[in-house]
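Below is one structure; the comments refer to it alone.
Derivation of every value follows stated rules applied to the coordinates shown; laboratory data play no part. Keep in mind that what you see is a predicted model, and the values were worked out from it rather than measured. Neighbour counts run over all protein chains shown; Cβ positions are idealised from the backbone, glycine included.
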Amino acid sequence: TKGDIGLIGLAVMGQNLILNMNDKGYTVVAYNRTQAKVDKFLAGEASGTKVQGASSLEELVGKLKSPRVVMIMIKSGSPVDGVIDELKPLLSPGDVIIDGGNEDYRITNRRVKELGEAGILHLGCGVSGGEEGARFGPSLMPGGAPEAWPIVKDLLQATAAKTPDGEPCCDFMGSGGAGHFVKMTHNGIEYGDMQLICEAYSLMLAQGMDHDELAATFTEWNSSELDSYLIEITAEIMAFRTDDGEPLLPLILDKAGQKGTGRLTAISALDFGIPVTLIAEAVFARCLSALKDQRVRAAPQLSGPAASSADDRTAFLDKLRSALYAAKILSYAQGFMLLAEASAKFEWELNMASIALTWREGCIIRSAFLGNIADAYHKDPSLENLLFDDFFNAAITKHESALREVVAYGVLNGIALPAFSAALSFYDGFRTADGSACLIQALRDRFGAHQYELKSNPGTFIHTNWTGHGGDVASSTYNA
Ligand code: 6PG
């Protein structure tokens, strides 16, 4: 039988996706640039399955049903361009190339267009869930040529994780680079969630908690509104001990790595002018963590308060759980603001409820909470901001004071809480109807004649001669 899909790239994600698709009854043809990897896979993990191998791209393409579907699972960027260049002459109009890497959505925008000109249908498909997700059900975020969707829908939805209601965590996100943009935003939110958990960890350490207590607390939190994969595995990490019986976590060097999707989320937020402050702070926190040597030199030189534990630990941990929930609501509100802006800018018509459901299971940020977000957007598909939804409005109203108290505790005890405090500052800024930016406008006009609008007459820009000298010419005339 001819193959339903060809998969290029037999690294861990590629191999697991192939086995997953095979389990779902699809025939997969596997290819890797190094032939030995194909042979090893067929003789090993894939033995006894319907998976076929190919020793060249020609052979791969020749073994596929028409329209052909080829999925690329290799390092994003120029390696993908290289494979696409080789594939293009082998494919026919109407065939589909899926890129399952973490590609920059701007590159996917370009590829969808360029391949489209040759009649090839391109999908940039976010794949989340790591090794296990790929094997047993990832969250899949395909976007690109709309004509490709009916061709691959059944295969991708069968491969994807399912929500508790049995819906596949996979839907067509939108045209161009929409799928990769949604995946990028997922990763940005992942950075934010992880940073919040790290800050909660440092606050718990300041209470003198040992690793058993830490594990027990995260386990307990996982049965609360914080129920999520990242909290669950945090509890497991807290409980993990080396062969010597010591907790492993404090032995790990506190320098965080990053591959770039969080950074691109923050860059996109800056580009589009959307205050996605928590994710940006999470990226900067990783950058600060990487300055280990300077931090070690700074520690004995730069003064600050020594942390003292809260009087009532149980009450403090309750507050911390509330604060984490409040900050998470604010972070997701920011993430969805970014999605809304990109959707408008690129005319993607992103469906927010469907994005939330796609993230409900399978991916790294999977959580019960995403079910609440899907509900909010189902109730009102044109919801302007998550914070205006009744459920989230009530939740933030209930938990904001805990966030305030926890941030205050961190400030007074010298514990850095960039993500928690970004969440709180965003909240207080967002609920301020009349803010201080009048002064920014006045200063800009005072030193550079940049002009301002009056509240009584928005839309009309005027300049004031603040000093009585310096002229009346507004800078917009020469844009200084
Ligand atoms: C996923 C993850 C994954 C990402 C890693 C590492 O959804 O499965 O987001 O795509 O590559 O989490 O990201 P960093 O190295 O940037 O932390």
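Would you mind giving the three semi-axes, in whole Å and largest first, of the ellipsoid equivalent to the range 192-244 according to its Cα gyration tensor?
Semi-axes (√(5λ), whole Å): 17, 13, 11.
Using a Förster radius of 22 Å, what is the FRET efficiency between LEU251 and ALA216 based on their Cβ-Cβ separation? Nearest 0.05, please.
Result of the calculation: an efficiency of 0.60.
Can you give me the Rg/Rh ratio for the range 1-103, using Cα atoms for both radii and the Kirkwood formula for Rh?
We get a ratio of 0.93 for the range 1-103.
Looking at the range 125-188, I'd like the Rg to Rh ratio, where Rg is from alpha-carbon atoms and Rh is Kirkwood's inverse mean 1/r.
0.96
To the nearest 20 Debye, how big is the dipole of the range 184-430 about its Cα centre, given +1 on the beta carbon of each Lys and Arg and -1 on that of each Asp and Glu?
That gives a dipole near 720 debye.
How many nm is it between the label spots at ASP380 and ARG297, if each spot is 7 Å from the Cα in line with the beta carbon?
Label-label distance for ASP380 and ARG297, simple model: 5.3 nm.
Evaluate the distance, in nm, between pseudo-label points positioned 7 Å from the Cα of PHE136 and of LEU42 along their respective Cα→Cβ axes.
Calculated label separation equals 3.0 nm.
If only Cα atoms are counted, what is the Rg of the range 235-351, and what is its Dmax, in Å?
Both quantities, over Cα of the range 235-351: 19.1, 56 Å.
Two-decimal Rg/Rh of the range 184-430 from alpha-carbon positions, Kirkwood Rh?
Rg/Rh: 0.96.
Treat the range 5-176 as a sphere of radius equal to its Kirkwood radius over Cα pairs and apply Stokes-Einstein at 25 °C in a medium of 0.890 mPa s; give the translational diffusion coefficient in µm²/s, rounded to a whole number.
156 µm²/s
Expressed as cubic angstrom per residue, what is the convex hull volume of the alpha carbon set of the range 299-397?
In the range 299-397, the Cα hull volume divided by residue count equals 173 Å³.
Using only helices, what value at 222 nm comes out for the chain when you add -39,500 (n - 2.57) per DSSP H run of length 4 or more and divide by the total residues, to the nearest 500 deg cm²/dmol?
Per the formula, -16500 deg cm²/dmol.
Determine one quarter of the surface area of the Cα convex hull of the chain, which equals its mean projected area, and express it in nm² to one decimal.
With every direction weighted equally, the projected area is 29.0 nm².
Note the full-extension length gain between ARG106 and ASP154 as 0.36 nm times their separation in residues minus their Cα-Cα distance, in nm to one decimal.
Full extension of this stretch gives 14.6 nm more.
Quote the Stokes-Einstein diffusion coefficient, in whole µm² s⁻¹, for the range 356-416, based on the Kirkwood radius over alpha carbon pairs, a temperature of 4 °C and a viscosity of 1.567 mPa s.
Diffusion coefficient, whole number: 96 µm²/s.
With label points built 7 Å along Cα→Cβ from the Cα atoms of ALA344 and GLU236, find their separation and express it in nm.
4.1 nm
Where both residues lie in the chain, what percent of DSSP beta bridges are antiparallel, nearest 5?
Around 40 percent antiparallel, to the nearest 5.
Please compute the length gained on full extension between PHE388 and PHE430, using 0.36 nm multiplied by the number of residues separating them and subtracting their Cα-Cα distance.
Full extension from PHE388 to PHE430 adds 14.0 nm.
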